[in-house]
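Student: Provided herewith is a single structure, encoded as structure tokens, for subsequent inquiry.
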Amino acid sequence: MGGSPHNSSGLPPFTLTGLPGLETSQHWMILLLGPLYIVSIVGNALILLIIKEEQSLHQPMYYFLSMLSVNDLGVSFSTLPTVLATFCFHLKEISFNSCMTQMFFIHFFSFMESGILLAMSFDRYVAICNPLRYATVLTDAHVVRMCISVIIRSFCVILPLPLLLKRLSFCKANVLSHAYCLHPDLIHLPCGDITINNVFGLFIVISTFGLDSVLILISYVLIVRSVLAIASQEERLKTINTCMSHMCAVLIFYVPMVGVSMVARYGRHAPQYVHTLMSLIYLFMPPMLNPVIYSIKTKEIRRRLCKILLGTKF
């Protein structure tokens with residue numbers, strides 16, 4: 001790779017970090033991360049299998065849930081190689097191109113998740129506020145278009161990130177703060193002017209996460225207003241209950257994401273393990289908890305899951 005300074009043509013490698021200060025015992029982390037990966041991968045695969053097999057689940061809400069499960073599998077498989085290499089085999093060096101590829105996919109699936117949650121909130125809005133138009137608004141063709149739009153948007157906003165990083169010079173020790181490549185971490189390493197990278201990064205966060213979260217909030221304001229117009233208390237609870245799984249999915253995605261952003265911007269003097277812990281929660285909690293939440297809250301999924309796992313009807 002040559003000596004310093006590195007530039008983009010030299011494609012400098014990066015050094016991954018496990019748990020700062022706990023390098024000698026960090027292999028024990030796999031006892032925590034291993035079960036998280038297993039629950040995430042098996043849980044989301046089961047959700048996909050159940051939706052495929054259960055005819056009653058062949059409707060827009062569960063098509064979006066299928067896409068969410070595929071996306072969560074993508075998040076898990078994006079981080080798995082370097083997490084295993086770092087914590088199990090102590091292989092900490094990653095090539096420039098491999099790091100850029102991993103960064104692309106981690107953020108691609110992250111932006112996808114935001115878009116899918118927005119699509120699911122639109123589904124709940126139409127189902128509760130305009131139930132008579134549900135079948136005509138959310139046809140299979142419209143659902144497919146929405147899913148394709150989410151994929152294209154995520155691809156287009158993420159593609160410039162590795163290209164913008166590749167044009168910069170790297171002349172420091174390229175040590176990352178995590179066991180995987182994240183853009184907020186990588187952006188601090190180049191020696192050149194990173195103004196364009198910072199402005200573009202801020203722009204895509206506001207135009208995706210920011211816009212999506214505002215639209216999701218608006219949809220729930222309209223949903224709550226519609227629910228309050230229902231005379232029967234029992235019907236109100238029943239209607240709101242159809243949104244509970246989605247509301248939980250929104251919270252477990254956006255709350256850790258805001259936490260990571262706050263720590264990155266305002267917690268520069270916080271211990272490094274705080275940054276590591278927040279990024280682990282952000283990347284591991286949604287893929288693990290989403291299938292658990294939907295399995296608990298959705299009767300059809302719960303019944304089929306019990307049949308698969310226990311051989312009994314629930």
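Only the coordinates and a few stated rules stand behind these numbers; no lab work does. This structure is a prediction, so every number in the text was calculated from the model and none was measured. Because the Cβ atoms are built from the backbone with ideal geometry, glycine has one as well, and the counts that use them run over all protein chains shown.
Student: Helix 60-87 against the longest principal axis of the chain: what's the angle in degrees, Cα atoms only, rounded to the nearest 10?
Tutor: 20
Student: If you don't mind, another one. Under 18 Å from the Cα of residue 172, which aspartates and glutamates turn up, not counting those fewer than eight places away in the same chain?
Tutor: Answer for residue 172, where 18 Å is the Cα cut-off: 93, 185, 193, listed by chain and number.
Student: Next question. According to a simple spin-label model (label point 7 Å from Cα along Cα-to-Cβ), what is the distance in nm between residue 307 and residue 156?
Tutor: So the label points at residue 156 and residue 307 sit 4.2 nm apart.
Student: Name the shape class, rounded, prolate or oblate, that the alpha-carbon gyration tensor gives for the range 173-305, where a ≥ b ≥ c are the square roots of its eigenvalues, rounded holds for a/c under 1.5, and otherwise prolate holds if a/b is larger than b/c and oblate otherwise.
Tutor: Prolate, since a/c reaches 1.5 and a/b exceeds b/c.
Student: Between the range 103-160 and the range 197-240, what's the alpha-carbon centroid distance in Å?
Tutor: 14
Student: Residue 215 to residue 80: extension gain in nm, 0.36 nm per residue of separation minus the Cα-Cα distance?
Tutor: My answer for the length gained is 45.4 nm.
Student: Also, quick follow-up: Could you give the angle, 0 to 90 degrees to the nearest 10, between helix 244-266's Cα long axis and the longest principal axis of the Cα atoms of the chain?
Tutor: So the helix axis and the longest Cα principal axis differ by about 20 degrees.
Student: Additional query: For the chain, find the longest principal axis of its Cα atoms and tell me its angle to the long axis of helix 29-53, 0 to 90°, nearest 10.
Tutor: Around 40 degrees separate the two axes.
Student: Whose amide H sits under 5 Å from the amide H of residue 175, counting only residues 5 or more places off or on another chain, with H placed in the peptide plane?
Tutor: Here 15 satisfy the definition.
Student: Test of understanding: what is the full-extension gain from residue 240 to residue 132, defined as 0.36 nm times their sequence separation minus their Cα-Cα distance?
Tutor: Answer, rounded to one decimal: 37.1 nm.
Student: Suppose we flag trypsin sites (Lys or Arg not before Pro) only when DSSP calls them loop and at most 15 other Cβ atoms lie within 10 Å. Which is the longest uninterrupted stretch of the chain?
Tutor: That would be 1-166.
Student: Please give, to one decimal in nm, the separation of the simple spin-label points placed at residue 52 and residue 191, each 7 Å out from Cα toward the Cβ.
Tutor: Placing both labels 7 Å along Cα→Cβ, they lie 5.2 nm apart.
Student: Subtracting the Cα-Cα distance from 0.36 nm times the residue separation, let me have the gained length for residue 89 to residue 149 in nm, one decimal.
Tutor: 17.7 nm
Student: Okay, moving on. Can you give the alpha-carbon Rg of the chain over 2.2 N^0.38 Å, where N counts its residues?
Tutor: Relative to the 2.2 N^0.38 Å estimate, the chain comes out at 1.09.
Student: Then there is this: Please sort 65-75, 197-207 by packing, taking for each peptide the average over its residues of neighbouring beta carbons within 10 angstrom, highest first.
Tutor: 65-75, 197-207
Student: First select every other residue whose beta carbon is under 13 angstrom from the beta carbon of residue 128; then total the charges, Lys and Arg +1, Asp and Glu -1.
Tutor: +3
Student: Take the chain, connect every pair of alpha-carbon atoms lying under 10 Å apart with a spring to form a Gaussian network, then pick out the residue of 82, 136, 17 with the largest mean-square fluctuation.
Tutor: 136
Student: Just need the relative contact order of the chain here, percent rounded to a whole number, with Cα pairs under 8 Å and 6+ apart.
Tutor: It rounds to 27 percent for the chain.
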